[in-house]
Structures are given as structure tokens and as C-alpha cells.
Amino acid sequence: MKKPDEKIIKRVKELRDKINYHNYLYYVLDNPEISDAEYDRLFDELLNLEKQYPELITPDSPTQRVGAPPLEEFKTVRHAIPMLSLNKANTEAEFLDFHRRVKELSGLSDREINYVVEPKFDGLAVELLYQEGILTIGSTRGDGITGEDVTLNLRTIKSIPLKLMTDNPPSIIEVRGEVIMNKDDFEKLNRERLQHGEQLFANPRNAAAGSVRQLDPNITAKRPLRMFAYGTGRVEGIQLRNQWECIHYLKDVGFRISEYVKLCYSSEDVIAYYEEISSIRDDLPYEIDGIVIKVNDFEIQHRLGELSRSPRWAIAWKFPPQQETTKIRDIIVSVGRTGALTPVAVLDPVRVGGVEVSRATLHNEDEIIKKDIRIGDTVIIQRAGDVIPEVVKVITSKRTGNEKIFRMPDTCPICGSKVERPPGEAIHRCTGMDCPARIKESLAHFVSKGAMEVDGLGKKYLEQMVDKGLIKDPADIYFLKKEDLMKLDRMGDKLAENLLSAIEKSKKPSLTNLIYALGIRNVGYHLAGVLAKTFGSIENLAKQEIEDLLSVHEIGPVVAESIYNFFRNPRNINILNKLRQGGVVLPREEITTGERPLEGKTFVLTGALDSFTRDEARRLIEEKGGRVSSSVSKKTDYVVVGKDPGSKYNKALQLGITILNEDQFKELIK
Ligand code: 5U1
């Protein structure tokens with residue numbers, strides 16, 4: 001075996017320091033200084049040298065995060081100092097009670113007590129032991145006294161330093177914090193799991209905890225986990241005097257800490273902070289469920305001491321629950337534009353996170369059976385961000401015996417046609433092509449933004465048009481006359497004329513919009529764009545065989561089949577012919593390999609735009625190769641600001657990120 005000379009040893013050290021530094025910039029500060037390719041070059045050079053000179057490999061080398069074999073089981077670790085849990089306050093009055101107790105027990109006045117406050121992350125609490133600056137053991141909180149040894153898994157998380165960034169590390173420091181998964185990453189992971197037929201994670205916390213408590217570190221390594229440090233356990237070799245100093249020390253030696261950590265000088269400051277964090281909660285990229293308030297001074301903390309499992313010097317002030325308990329009055333079935341039947345729970349109205357909820361989706365029959373949901377059940381419902389509320393679980397102890405089991409209907413509740421559940425699918429579908437519910441939904445889709453874009457033709461008018469027999473399919477819109485429109489409720493001369501001119505204006509759609517408008521199952525706006533660019537015209541697309549469709553990069557067998565079937569259905573061909581007769585221009589587009597001028601650019605959207613919904617703006621950006629993120633960081637390239645922007649706007653200003661108003665955005669995506 002070759003012996004490394006001085007030069008090699010020096011280079012290996014240099015590479016490690018450089019990689020660790022760039023890792024820190026990327027994963028902790030979200031502010032990379034070099035390109036991915038450059039980073040990869042450094043990493044490969046180190047890997048190569050370590051391969052040639054294995055004796056130079058050290059456990060803290062950045063190459064040593066992955067590759068450990070799966071474990072049979074986790075060992076347990078006893079925490080040197082118990083990992084306490086937090087007492088909770090649910091209201092301002094409860095927080096003020098805590099503040100009063102702190103004053104009484106410490107004998108100090110308002111002025112003399114400072115608090116360090118930060119968001120309460122909704123993840124998995126962990127502890128990392130560093131000996132002489134090197135990460136040696138990582139464990140879960142467990143029951144607070146003993147946890148599981150998840151060292152190999154925690155080593156794969158790039159925001160956890162394998163070696164502290166200091167030349168003068170303490171002999172011992174136990175760093176405590178929370179492992180979390182960002183909301184975007186969680187959704188992406190669940191989408192992938194759905195595709196692979198794997199069980200979905202219920203929320204980002206479960207996804208983070210499930211990923212850390214994984215026996216195979218190679219799986220953990222593939223999960224997008226992050227850690228926020230918020231405190232210490234045993235510390236030997238340095239003196240930290242207060243929480244503020246502690247958290248900034250952790251930051252200095254390479255940990256990610258909350259960017260919202262704040263020193264408050266009064267209870268009023270804390271209350272204002274609570275309000276501020278509540279207001280930005282939904283904009284944060286990760287889930288939080290409250291704020292944590294800690295007496296700053298360690299001396300005072302010590303004076304206050306602990307109750308059996310929680311300190312007297314800290315409290316978690318929780319946000320109102322996003323989950324609530326209510327009763328299912330009934331289960332109804334809604335019919336979508338593809339005929340999909342969705343069971344929906346009709347609830348006793350209840351406020352969840354400040355919003356009144358009276359319906360919750362039950363997704364499909366399998367979900368109802370899995371959760372054993374019955375009419376009359378008392379259930380826990382949950383609302384997360386913008387998503388439709390859903391039933392989390394049934395409280396079976398509240399059953400009276402009068403609950404009714406729900407079965408999906410055999411016939412469509414709207415048109416009476418037979419309902420089928422195609423083999424291998426979880427969805428029941430109405431087979432009636434003339435089902436008014438299907439027609440109304442597909443019409444609403446047909447005229448919407450991103451499709452034919454008929455301004456002013458809302459769902460209420462479309463429903464009346466169908467009910468009065470004025471239209472049966474989307475193409476009928478182009479044969480409407482003023483006297484037809486005048487038959488609708490709340491229709492006047494001027495309005496009818498405006499509608500007719502909007503219909504006229506919509507006759508020249510882009511090919512992407514037209515393909516999207518047709519409502520081919522599994523073809524969203526993005527894919528419509530791909531089809532437009534690949535095939536150039538509806539006529540050409542309609543001719544393609546399954547194999548031709550499959551040769552398109554983004555098309556798999558399910559999508560290929562639905563496109564193929566769509567154009568073999570005489571009903572759809574008839575609609576296309578009628579569209580032509582009605583004056584709609586079936587456009588031709590140059591076949592291109594797809595320009596992606598926004599490739600590599602990250603956008604954040606905030607506030608309401610006049611011309612697009614969020615989804616439409618997102619589609620336009622993605623179509624041009626860009627990415628949309630839910631939060632502003634130094635990595636953001638553009639923040640698109642509409643009316644009443646949220647805190648993302650302020651953050652963009654602070655970070656000096658390019659801000660686009662709606663017109664500038666339109667110009668960019670033109
Ligand atoms: N952010 C934060 N979360 N959290 C949880 N800080 C924090 N501190 C904790 C816990 C259980 O405990 C110490 C106050 C003991």
C-alpha cells in the first residue's frame with residue numbers, strides 16, 4: 001500500500017475543511033458560494049485520495065456520512081442529563097401565569113427577567129454528543145431518560161456537523177435540537193411513496209421521526225431531513241452563561257439555529273412575538289406548533305429548578321390546534337369532471353385553526369374502510385394550510401351503536417348511471433357520459449384560466465346553462481346566442497354581450513391551453529405543454545399510438561393509455577369537430593425540444609395576482625423550467641408580489657432578493 005506524503009496529507013485536510021465549510025454554507029446558512037459541480041469535484045477528489053490512502057479516512061470526514069450497513073436493532077442510550085419536556089400554555093392568560101410564577105419563585109421583578117423565544121418545531125427531538133469536537137453519539141429523546149442510538153442515521157443529515165467548526169472545541173458538549181422535514185419535501189416524499197405503492201406519512205413530523213428511526217441508514221440518507229439546534233445537555237470545557245449565548249455558540253460551531261430566535265425584555269415582548277410568529281406560521285417552510293419561551297439567564301434557570309419532567313424556567317405556548325373533534329352527520333358523494341366519486345363527510349361545523357369547517361374529504365372507499373369511518377361517528381379532523389380538511393381518526397370510545405356503515409353507491413347520485421371501480425384503482429367512477437355533474441365540472445375546467453380562459457363565465461352560469469339544456473358539452477359554448485344567455489338568471493344585455501365577446505376572444509387558444517382544456521385524464525397543464533411541444537398539433541397528437549406516446553420522456557403507461565383512449569372515443573372526436581365548426585382555431589405549434597429559460601431559477605409567490613391563481617402562476621414557471629418554493633431564503637431568485645403580500649415580501653426585502661410585480665412577472669414569463 002502506498003504511503004501518503006506530506007503534500008497528500010495536507011491536501012486531504014484542506015479538502016475536508018473546504019467541503020465542511022461549503023456544506024455549512026449550503027445546508028445550514030442556505031447560502032452556497034460554489035456551484036454543485038464545483039462541490040462535487042472537491043468531494044470526488046477527496047473520495048479518490050481516501051481510496052488510494054485508506055489510512056487517511058477519519059470518522060469525521062465528509063465522505064463518511066453514508067454507507068453504513070443496516071442495523072438489527074437500535075441500542076439504547078442513557079442521557080447524561082434527562083431530556084425534559086415542556087409545560088404547555090394554550091392562552092395568553094396561561095403564559096402570564098407562567099410569567100407570574102417565574103417572578104415569584106425567582107424573587108425578581110419584570111425588568112430583571114429576560115426570555116429567549118423561538119418557534120416550537122414539530123419534529124423529533126434528538127441529542128448529539130461531541131467529544132473533543134467530534135460527533136460520537138446521536139440519540140433520540142425517547143422517554144427523556146433513555147433514547148435510541150441513531151448515530152448512523154443522524155450522521156447522514158447534512159446540517160449536523162460531524163466535527164464542530166472550531167479549533168478549540170469543548171471536551172464534551174451535548175447538543176439538543178429537533179430533526180424536521182420541510183413541508184415541500186414531505187409532500188414530494190409522499191408523492192413518490194404513492195407512486196411506489198408505499199404507505200404515506202401522515203404529516204412531516206411522522207416522516208421525520210420515521211426517517212430517523214430507520215434501521216437502514218442508507219434509507220435515512222435519502223430523506224430530506226434537517227436539524228435545528230436549540231440547547232445543550234452536558235457541557236464540559238466551556239462556560240455558557242445564558243440561553244442567548246448558548247444558541248449563538250451553537251450557531252458559531254456549525255449548527256443551524258432558528259432565524260427567528262429573539263431576546264425579549266418583557267412579557268409584552270413575548271406576547272408580540274407570539275402574535276408575529278402566529279401570523280407567519282403558514283408561510284414557514286416547516287411546521288411549528290407554538291413558541292418556546294425560556295428564561296435567558298442560566299443562574300436564574302438553576303434557581304427556578306425543575307418539576308418532575310419539565311423545567312419551571314421554560315414553557316411552550318402552543319398555537320390553537322389545527323385539529324378538532326366533531327361529529328359526522330352524513331356522508332355524501334361528489335362527482336368530478338372525470339366521473340370520479342369522492343365521499344365527503346358532512347360535519348357538525350367546527351372551527352379549526354380559525355376557519356369554520358363543515359365538510360371533510362374521505363378520499364375514497366378504501367380510506368373509509370381503513371379508518372372505519374361511519375355516519376354518526378365522533379372524529380378528529382385536521383386542516384393543514386390550504387388543503388381540504390380530512391378525517392384523521394374515529395374516536396371509537398364515543399360510539400353509541402347507532403352509527404351507520406357507509407357504502408359507495410352502485411349508481412351515480414347525480415345521473416343514476418352505473419358506478420364502476422376499475423380493477424387496480426381506488427376510485428369509483430360514474431360511467432354516464434351525460435352526467436350533469438361531470439359535464440358541469442368539465443365545463444368549469446374548460447373555460448378556466450390555463451384552459452380556454454373565457455372571462456366571466458363562472459360556475460353558476462354554467463350550471464344554469466346545463467340545467468336549462470342550453471349546452472351539453474364544451475363545444476356548445478361556441479354556438480350560444482344572445483337570446484340563449486338572456487334566459488339565465490341575473491343576466492342583462494350588457495353582461496350577455498360581454499360574455500359573448502369573451503367567448504369570441506377565447507377562440508384562439510395556445511395549443512397547450514387547448515390540450516389542457518380538453519380535460520384528458522392525467523394530463524395537467526405541465527404535461528399539456530410537453531404534448532404541445534412534442535406533437536405540434538391536436539391532429540398529430542390524436543394519431544399517436546401508445547408506443548409513440550411512451551417515447552416521450554414524461555409519459556408513463558397510465559398517461560399514455562388515457563391520451564390514446566381519449567382520441568379513440570367518438571364523443572371526444574365529435575367535440576373537437578364541433579369546436580372547429582364553432583370557430584375555435586385548433587392551433588399548430590412548432591415542435592421544439594422545449595425551451596426552459598427559467599431553468600435553475602427559484603420563485604416564491606406572495607399575495608394575490610390579478611391574472612393568475614397561484615396554481616396557474618406555478619404552472620407557468622414550471623413550464624419554463626423554474627421552481628416554486630414556499631419560503632424565501634437566500635437561494636430564492638425572484639419573489640413575485642401580488643396584492644396584500646405576506647411576510648415573505650418583507651423577508652425578500654431584508655435579503656435583497658429581486659422583487660417582481662405582476663407586470664414584471666408577466667414580462668419575464670412571456
Ligand atoms: N425550540 C425548542 N424546542 N424545545 C423543546 N426549544 C426547546 N427546548 C426544550 C424542548 C423540550 O426543552 C428545554 C427547555 C429543556
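Every condition in (1) touching a residue at least 24 places away in the same chain (Cβ under 8 Å); (2) in a helix (DSSP H, G or I); (3) of a type outside the set (Ser, Thr, Tyr) holds for Asn565 except the one numbered (1). The lone criterion from (1) of a type in the set (A, V, I, L, M, F, W, C); (2) in contact (Cβ under 8 Å) with a residue 40 or more places away in the chain; (3) farther than 30 Å from Ile563 by Cα left unmet by Met486 is number (2).
Applying the set (1) outside any helix (DSSP H, G or I); (2) surrounded by fewer than 18 Cβ atoms within 10 Å (Cβ to Cβ); (3) within 16 Å of the ligand (Cβ to nearest atom) to Ile293 leaves exactly one unmet item: (2). Looking across the range 467-485, the residues that are in a helix (DSSP H, G or I) and either touching a Phe, Trp or Tyr at 6+ places or on another chain (Cβ under 8 Å) or crowded, with 17+ Cβ neighbours inside 10 Å (or both) come down to Pro474, Ala475, Asp476, Ile477, Tyr478, Asp484, Leu485.
Which ones in the range 321-343 are assigned to a loop (DSSP other than H, G, I, E, B) and either within 12 Å of the ligand (Cβ to nearest atom) or in contact (Cβ under 8 Å) with a residue 40 or more places away in the chain (or both)?
Gln322, Gly336, Arg337, Thr338, Gly339, listed by residue number.
Being in a loop (DSSP other than H, G, I, E, B), outside the structural domain of Asn31 (by TED's automatic domain parsing) and over 22 Å from Glu174 (Cβ atoms), is that true of even one residue in the range 232-255? There is no residue in the range 232-255 that is in a loop (DSSP other than H, G, I, E, B), outside the structural domain of Asn31 (by TED's automatic domain parsing) and over 22 Å from Glu174 (Cβ atoms). Highlighted here are the strands (runs of 3 or more DSSP E) found entirely within the range 44-153 that include at least 1 residues which are without any contact (Cβ under 8 Å) to a residue 60 or more places away in the chain: 124-131, 134-140.
Under the condition of being part of a loop (DSSP other than H, G, I, E, B) and either within 16 Å of the ligand (Cβ to nearest atom) or in contact with a His (Cβ under 9 Å, 6 or more places away or on another chain) (or both), the residues counted in the range 161-194 number 0. Entry remark, the range 233-245: residues being of a type outside the set (Gly, Ala, Ser), within 15 Å of the ligand (Cβ to nearest atom) and either in contact with a strand residue (DSSP E or B) (Cβ under 6 Å, 6 or more places away or on another chain) or modelled with pLDDT under 95 (or both) number 5 in total.
Set side by side, the residues Gly432, Gly424 differ, and just one is part of a loop (DSSP other than H, G, I, E, B), free of Cβ contacts under 8 Å to residues at least 60 places away in the same chain and either farther than 17 Å from Ile331 by Cα or of a type in the set (D, E, K, R) (or both), which is Gly424.
Set side by side, the residues Glu356, Glu425 differ, and just one is exposed (fewer than 15 other Cβ atoms within 10 Å of the Cβ) and not assigned by TED's automatic domain parsing to the domain that holds Leu341, which is Glu425.
Would you check which residues across the range 363-375 are in a loop (DSSP other than H, G, I, E, B) and either crowded, with 16+ Cβ neighbours inside 10 Å or under 25 Å from the mean Cα position of the chain (by Cα) (or both) and list them? Let's see the steps before the verdict.
At the first step, the residues of the range 363-375 found to be in a loop (DSSP other than H, G, I, E, B) are 363-364, 372-373.
His363, Asn364, Ile373, listed by residue number.
For the range 134-154, a tally of residues being in contact with a strand residue (DSSP E or B) (Cβ under 7 Å, 6 or more places away or on another chain) and buried (at least 23 other Cβ atoms within 10 Å of the Cβ) returns 5.
Can Val102 be described as modelled with pLDDT of 90 or more and within 16 Å of the ligand (Cβ to nearest atom)? So Val102 fits the description; yes. Selection of the range 388-403 for residues being modelled with pLDDT of 95 or more and either closer than 15 Å to Glu365 by Cβ or surrounded by 15 or more Cβ atoms within 10 Å (Cβ to Cβ) (or both) yields Val394, Glu403. The set of residues from the range 598-656 being of a type in the set (S, T, N, Q) and within 21 Å of Glu259 (Cβ to Cβ) comprises Thr602, Thr606, Ser629, Ser630, Ser631, Ser633, Thr636, Ser647, Asn650, Gln654.
The values are calculated or read from the model by the stated rules, or taken from the named source; none is laboratory data. Please read these numbers as outputs of a predicted model, since none were measured by experiment. Cβ: placed from backbone, ideal geometry, glycine included. Neighbour counts: every protein chain shown.
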